Amino acid sequence: MTKHYIDIVKKWAVILAYDVEVTDLDELSSWLDALGCGRKDLEKACRIALGTNNGFTYTNPDLMMSLVVISDASDEAQWWDTLVHEIDHVQSAICSYYDVPLGSEAAAWTQGYIMRQVVNLID
């Protein structure tokens, strides 16, 4: 599993994971458990992580932290499409926590910031 930690200006933390293998499920489950994920959602998340053309985001606003997992994709464009979709969930969680209106410049900046961090980590 490839994993990256993204610090959003010391206001929110994101763990991004991809290339998940069966042997990574214990670590993934530990992260989800630490974030307060229930058993049913944890099992669903593990299935998604091992699937294709899918992803999930689990957020604990009390910890100001999100876990984003991207499954294998049929092609590179699909992988990025899934990532952008999941980043939108992170942005929504952050905006909700800080009472930032969705559709505002601050919300767009947040989404762009996260994407820049991912591109810099993966590049």
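Here, each number is a calculation from the coordinates, and none is a lab measurement. None of these values were measured; they are calculated from a predicted model. Here Cβ is always computed from backbone atoms with ideal geometry, including for glycine, and neighbour counts include all displayed protein chains.
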Which log10 I(q)/I(0) values, to two decimals, does segment 1-100 give at q = 0.11, 0.15 Å⁻¹ under the Debye formula with one point per Cα? -0.30, -0.56
To the nearest Å, what is the center-to-center distance of segment 86-111 and segment 1-78, using C-alpha atoms only? 19 Å
S30 versus D88: modelled label distance in nm, points set 7 Å from Cα along the beta carbon direction: 3.3 nm
Considering only V9, Y113, H89, whose Cα is most displaced toward the positive end of the charge dipole of segment 2-122, charges sitting on Cβ of Lys, Arg (+1) and Asp, Glu (-1)? V9
Here the FRET efficiency for V22 versus A77, based on Cβ atoms and R0 = 22 Å and rounded to 0.05, is 0.25
Treating every alpha carbon of segment 48-97 as one equal point scatterer without solvent, the Debye formula yields log10 I(q)/I(0) values at q = 0.21 Å⁻¹ of -0.68
Sum of -39500 (n - 2.57) over DSSP H runs of 4+, divided by residues of the chain (222 nm, nearest 500): -16500 deg cm²/dmol
